[in-house]
Structures are given as C-alpha cells and as structure tokens.
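Take a look at the structure set out below.
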Amino acid sequence: MVVLVLVRHAVSVTPTLDGPDEHHRPLTKAGHEQAVALAAPLVGFGVSQVVSSPYLRAIQTIEPTAQALGLPICHRDDLREWRSGLDPTPGWQAHYEQRWNQPDLAIGAGETLTDLTHRAGNAVRDLVASVSSTTTILAATHGTWIARGLLALGLSIDCAFWLSMPTPAIYKLGFDGPHLHSALGPGLNQVHPNGQSR
C-alpha cells in the first residue's frame, strides 16, 4: 500500500496588501517552532520521499523533517495553494465560503475551486502512481488544497471541514493501487475499502 502523508503548513505570517506575496510569505516564530515539533511524528511514518508546494511557508514547515530524514525536498507546483484572486481583506472568510457554494466562479484571473479540485486530485493520483507499492510520501501543502484534494478522492468534504482544519495538520492516506483505502486526520474518520467513511 502506498501511503501519502499530507501536511498543512504551520502558522504563517498574516497576508497583507503590502506584505510578502503568496510565494514568499514565511512562517511566524510560533510556526517555526511547530515545524520543529512536527519532525518527530512525521519521521515515524517511515517516509522515503519528501515533496512540497513551492510556497515558502510549506517548505519551511517540512524542512526540519526532511533534514532529520536526510532527504531532499522536491518542489511541485501542483501542490501550491489555491490562487483565489482575492486580495487580503478582513472579510476573506465570507468570500471563501461563497466560493465553496459557487465552486465554478472565478475572481478575475483567479482559479476556481473546481479547477483546484481537479489539480489537487490529479496531483495525488500522479504522486501515488509514480512510486512503488510500499512507499510513503510526505507532501507539504495548504489547507484549501488538502480539503479540495480529499473532495476529489470522493470524501464528503465541505466548507465547515476546511474552517475547522488546524494549522498545522497531518492527514494520512492509504492507497491500494490507485484506490483510496483509508484516510485519517483531523475531521476524518477511517475510510473503508469501498470508500465509505464511518
């Protein structure tokens, strides 16, 4: 069975109009401490490959683990966060919730949530298909990406799931060939081989 461990990045600097862009927004001091604390449990998964979103906050989250494992971090653009088209605003959550209700709606040149769902689902399938059947892959990414990726895999994921997701968060997915066999993590229950959660 291939195991894919998805990690939502640790606490990052709040986005602002005059702050670092999405590619360069770093972790806070507390986020760096969280990243160090994540290393012990993540090393315990028996990881043999480490991949990450190219965004700095994801890379910084997984760096202590990669260093402990002695493995390089492979940057994958398909693990990047949703390009929502939204400017940083105090009312961002309402805009996000609206997008969940209208997943085919784009803002300007932004990506629709439907587009993100396809991208995340394809990335998961590509990662799982690219390794041997006994590999554990560690992937650092983002909250919306994880939520929409789980939705693409057939799980019942909604906006409330995304809003309740902790930062950081760890999700362990087991695959029997291309098929999702189990899914564990905050807000999820065990998934039976037929894909039904309990």
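The values are calculated or read from the model by the stated rules, or taken from the named source; none is laboratory data. In this text, all values refer to a predicted model and were calculated from it rather than measured experimentally. Ideal geometry is used to build each Cβ from the backbone, glycine not excepted, and the neighbour counts take in all protein chains shown.
Side notes on the structure shown:
- Screening Thr135, Thr112, Thr117 for residues that are crowded, with 17+ Cβ neighbours inside 10 Å and touching a residue at least 60 places away in the same chain (Cβ under 8 Å) leaves exactly one candidate, Thr135.
- Exactly one residue among Ala169, Ala123, Ala147 is at pLDDT 95 or above, closer than 28 Å to Gly44 by Cβ and either out of contact with any helix residue (DSSP H, G or I) (no Cβ under 6 Å at 6 or more places or on another chain) or basic (Lys, Arg) (or both), and that residue is Ala169.
- Matching residues, the stretch 78-99, being assigned to a helix (DSSP H, G or I), surrounded by fewer than 19 Cβ atoms within 10 Å (Cβ to Cβ) and touching a residue at least 24 places away in the same chain (Cβ under 8 Å): Asp78, Gln93, Tyr96, Glu97
- Top-ranked residue in the stretch 105-124 [being in contact with a Lys or Arg (Cβ under 6 Å, 6 or more places away or on another chain) and part of a helix (DSSP H, G or I); ranked as farthest from Asp78 (Cα to Cα)]: Leu113
- Residues (part of a strand (DSSP E or B), among the hydrophobic types (A, V, I, L, M, F, W, C) and out of contact with any strand residue (DSSP E or B) (no Cβ under 6 Å at 6 or more places or on another chain)) located in the stretch 138-185: Leu180
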